[in-house]
Each structure stands twice: as C-alpha cells, then as structure tokens.
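Read the structure below first, then the notes.
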Amino acid sequence: MEVRYYPDPVLRERTRPVEQFDDALADLAREMVETMNQAGGLGLAGPQVGLLLSIVIVSADTQPGSEIVLVNPEIYDTDGWEVSEEGCLSFPGTYVKIGRFGRIRARYRDPKGEPRELEAEGLLARVIQHERDHLDGRLLVDRMSPIQRMTQRRRLRELKDRYEHRTSETRTGFEAAR
Ligand code: ZN
C-alpha cells in the first residue's frame, strides 16, 4: 500500500461503511497497520491508502503491537478541549497546533465485526478525531486557522508541486510502457 499525499483528490472523497467482515477486510487491516508502521505514523485512514472504506488504524505510540483497528468508527461523547501540535502522514513535514476534544468515546467494530467501544484521552483521543476526519474527506489543512494556512503556505505549495510532478511522471511512465 502506498500513502497518498496532499493534494491527492482521493483524500477528499467520503468513505462508505464496511458491510462485509471477511478475510479480505482482515488482510486490508493488516496491510494498513504495516503501512502505518513503516511510515512511522500514529494513525492511518482508508483514503490515505486510496481505500474509500470507513476504516482507520490508530495507536497511542509508535511501538508495534499497540495498534487498534476501528471499523465504522463514530465518536459519540466528547469532553474538554486541548490545543496541541499535530501532523499527518499525508502532509509530510507539516506540524500545526490544532484544537481537539480532550476526551472522547467512540463506537466501532473490530475487523471481525464485533461491536466495541473505547474511551480515550490526550494523544489517542486526538489521533482518533484526526482519523475520523479523514473518513469524511476532512484534512489537517481544513482545521488550520487562516493565519496558520498563511504560515504553512510555502509548505503546502511544495506538497502541491511534488504531487503534480509525481502524477505527470506516472503518466509519462504509463505512456512509455505502451
Ligand atoms: Zn492524517
């Protein structure tokens, strides 16, 4: 699986709920965990690997083994407010202070389809909220204030240039292959 970078349009798509809890889903979840760990991230959502399904991987630390797979996650209870620095695998090198609920409860299904709930605070609560945003096509850049967007303007421009460069290379490669 390859991580998709801003401004790849797939990151703007809305996902659909998972309905089939089969081996294929378990395989996808495993691959997503691997991809996230290889990239050194704390969270990864379906659209970030081009998958328009409601599935996210989250972890409270970068130690392999502490990942949680949340299928069809919904945040249903929130409390407190914390502003802290946040990054995203789809925005390499970009870190901004973002406000998020300090504590949340989430309902989800595990890859076998079992309904589950979890309560999280601090970093894990932040990661879950960030990944939940991805499932609606909402990105870090949408959570930035106008001033933050100004400050990050050059970085965002670089990401756009890099994306355009990469997609034109892919196109050329494809044409050459024919
Ligand atoms: Zn992200």
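The values are calculated or read from the model by the stated rules, or taken from the named source; none is laboratory data. As the structure is a computational prediction, the values presented were derived from the model and not from experiment. When we count neighbours, we look across all protein chains shown, and the Cβ atoms used for this are built from the backbone with ideal geometry, even at glycine. Heavy atoms of the whole protein, side chains included, go into the accessibility calculation; ligands, DNA and RNA do not. Shrake-Rupley method; radii C 1.70, N 1.55, O 1.52, S 1.80 Å.
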Open item on the list: If I ask for residues that are within 16 Å of the ligand (Cβ to nearest atom) and in contact with a helix residue (DSSP H, G or I) (Cβ under 7 Å, 6 or more places away or on another chain), which ones from the stretch 94-114 would you list?
Closed with: THR94, VAL96, ILE98, ARG100
Open item on the list: Is it the case, given these coordinates, that GLU117 is in contact (Cβ under 8 Å) with a residue 12 or more places away in the chain, within 15 Å of the ligand (Cβ to nearest atom), open to solvent by 10 Å² or more (accessible area, probe 1.4 Å) and not in a loop (DSSP other than H, G, I, E, B)?
Closed with: no
TODO: Go through the residues of the stretch 83-93 one by one and say whether even a single one is of a type in the set (Phe, Trp, Tyr), within 18 Å of LEU139 (Cα to Cα), within 15 Å of the ligand (Cβ to nearest atom) and open to solvent by 50 Å² or more (accessible area, probe 1.4 Å).
DONE: no
- [ ] Taking ALA45 as the residue in question, decide whether it is of a type in the set (Gly, Ala, Ser) and over 30 Å from MET150 (Cβ atoms).
- [x] no
Open item on the list: Among the residues that make up the stretch 149-161, is at least one of them touching a strand residue (DSSP E or B) at 6+ places or on another chain (Cβ under 8 Å) and within 11 Å of the ligand (Cβ to nearest atom)?
Closed with: no
Open item on the list: Looking at PRO64 and the list (1) surrounded by 16 or more Cβ atoms within 10 Å (Cβ to Cβ); (2) within 13 Å of LEU42 (Cα to Cα), which single condition is not satisfied?
Closed with: (1)
